[in-house]
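The values are calculated or read from the model by the stated rules, or taken from the named source; none is laboratory data. The structure presented is a predicted model; accordingly, all values stated were derived computationally and were not measured. Reconstructed Cβ throughout: ideal geometry from the backbone, glycine too, with neighbour counts over all protein chains shown. With ligands, DNA and RNA removed, areas are computed over all heavy atoms of the protein, side chains included. Shrake-Rupley method; radii C 1.70, N 1.55, O 1.52, S 1.80 Å.
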Amino acid sequence: MSVSDRIGPAFFALSFGVLAVIYGIVSAGRGWFPAPQVDLAYRTLLDLSTNWENDLALVPTRHLVAPGGANTGPDRGLSGAPAGASSEGYILIAGLSENQDESFHVVRLFDGTGQEVHRWPIRYELLDTEKKPQNVMLHGMEVFEDGSLAVTFDAGNAITRVDACGEPMWTRNGAFHHSIARDGEGRILTWQDETVVWLDERSGKAVRTLAIEGMIAAGGRAQQATFNIRTRTPENAKEEVRYLADPFHPNDAEPLRAEMADAFPMFEAGDVLISLRELNLIAVADPDTGRMKWWRHGPWFKQHDPDFQPGGTITVYDNGTGEGASRILRIRPGDDAVETVFAGSEAVPFYSWRRGKHQVLADGNILLTEAEGGRVLEVSPEGEMVWERHMVWDAEQNLIITEARHVPADFFENGVPNCAPS
């Protein structure tokens, strides 16, 4: 074989390799085939290698995190003591159960001294036959005066209301997720896929919906533009604008209740405050038309849990993903001035890169759910720690907490919920 005969195939192979490398670089940057498929395969393999024990129901690795805060040692637990408003009521904490023989998920109830006085076992296997309990995350929680709870599950296929013993009162199957809020009119609001749904508290029947798709179309292109940030620009005139994967990630929907409406003259009772994490967007929308009456992108980043407050402001849990510190911000719709209500400090570290809830208490203190640190803490308006509780799994890991909630001492109509025979 001549030299030229040998060089030809080698040159072809080299050229093919160079072109493959160039195409690989370009396709990765532009999301062309096979870059998305390769990326998905890599992430799936990494996830399986990290969480195989979870998926075999051996160790719930998907639900465990390194402890947050300053005290991360094996002696962590409850430190400080509830004071003021929190000492006069109860704290509910939702997450993984440390007693896996009883139930995979649980909601615990603590009294004003910090002692557990009741727990609701949440048995996902009673609600859905398609997914395993260890592969869904208990997230949304709403409590009722009769001692029952409504709960949702991220990556799950159900919303349910359970009695004080954890037995389902009603269940609806579907991709319900993230937060739950009562509207004061006998309905609860939550997200199903990318649609806000109103469910009857007693039956779970859907009575109203508001889809993001409908909001995009409402109000013309001016409103549409607020949703188009997470889109891919076409490469030529024949291609269409496309939304990226999970372009919105809705994570909260809260109604403006009638008793608070006077504090918000630009809104009306029943308007809905929504949070779209991937757009860094919070907005107040008319549920009848989908028209946004007010909206703002940032300065929060990957936020959760915007709440109407009685003084006519909205507070927001600013995760600050990637920055190493989370904040609670306050904004007054209309003048749009933003102020920091609480930010973690060296003395009181506070960071949850995803998930998280907050509740402003009657005395001005703030109850914080540091989900990815596995702890609940209460801080004063001056930023001082009042108390904290680590939800301990073992010496090195905490349980992810998805929500903590305070209710007043007289909230439960029959006293502390219990499962004793009547």
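Things worth noting here:
- Relative contact order (percent, whole number), the stretch 211-339, Cα cutoff 8 Å, 6+ residue spacing: 16 percent
- The chain, relative contact order [Cα under 8 Å, separation at least 6], %: 15 percent
- Taking Cα centre as origin and charging only the Cβ of basic (Lys, Arg, +1) and acidic (Asp, Glu, -1) residues, the dipole magnitude of the stretch 336-422 rounds to 340 debye.
- Residue-by-residue Karplus 3J(HN,Hα) for the stretch 347-353, coefficients 6.51, -1.76, 1.60, Hz, glycine and proline x: 6, 10, x, 8, 7, 9, 5
- Accessible surface, per residue, of the stretch 244-312 when the full set of protein chains is kept, probe 1.4 Å, Å²: 37 Å²
- The stretch 123-182 and the stretch 381-419: distance between their alpha carbon centers, rounded to Å: 19 Å
- Additional length obtainable on full extension of the chain from Trp353 to Ala395, 0.36 nm per residue less Cα span: 12.9 nm
- Ordering 250-258, 376-384, 212-220 by mean Cβ neighbour count within 10 Å, with the highest value first, yields 250-258, 376-384, 212-220.
- Among the listed pairs Lys238/Lys293; Lys131/Lys293; Lys238/Lys302; Lys132/Lys205; Lys131/Lys357; Lys132/Lys293, those beyond 29 Å (Cα-Cα): Lys238/Lys293; Lys131/Lys293; Lys238/Lys302; Lys132/Lys293
- At the listed q of 0.17 Å⁻¹, the Debye profile of the stretch 137-184, built from one uniform point per Cα, gives log10 I(q)/I(0) equal to -0.44.
- For the stretch 359-421, pairs of C-alpha atoms spaced more than 21 angstrom apart make up 41 percent of the total.
- Phe264 contributes about 10 Å² of solvent-accessible surface, heavy atoms of the protein only, 1.4 Å probe.
- Relative to the dominant Cα principal axis of the chain, helix 3-30 is inclined by about 30°.
- Per-pair calculated FRET efficiency, R0 = 30 Å: Ala155 and Ala70 via Cβ, rounded to 0.05: 0.40
- Projected label points at Thr171 and Asp193, each 7 Å from Cα along the beta carbon direction, are separated by 2.2 nanometres.
- Helix-derived mean residue ellipticity, 222 nm - over the chain, DSSP H n ≥ 4, -39500 (n - 2.57), to 500: -5000 deg cm²/dmol
- Here the chain is assigned +1 on the Cβ of each Lys and Arg and -1 on the Cβ of each Asp and Glu. Its dipole about the Cα centre then comes out at about 1460 debye.
- Those residues of the stretch 78-93 whose amide nitrogen sits under 15 Å from the label point placed on Ala362, 7 Å along Cα→Cβ: 83-91
- Backbone phi angles across the stretch 199-210, fed through the Karplus curve with coefficients 6.51, -1.76 and 1.60 (θ = phi - 60°), yield HN-Hα couplings of 10, 5, 4, 7, 10, x, 6, 6, 10, 6, 9, 9 Hz in residue order; Gly and Pro are listed as x.
- Other residues lying with their Cβ under 13 Å from the Cβ of Pro287 contribute a combined charge of -3, Lys and Arg counting +1, Asp and Glu -1.
- Accessible area, probe 1.4 Å, largest first, for residues Asp394, Asp154: Asp394, Asp154
- Whole-percent carbon and sulfur share, accessible surface of the stretch 205-284, 1.4 Å: 49 percent
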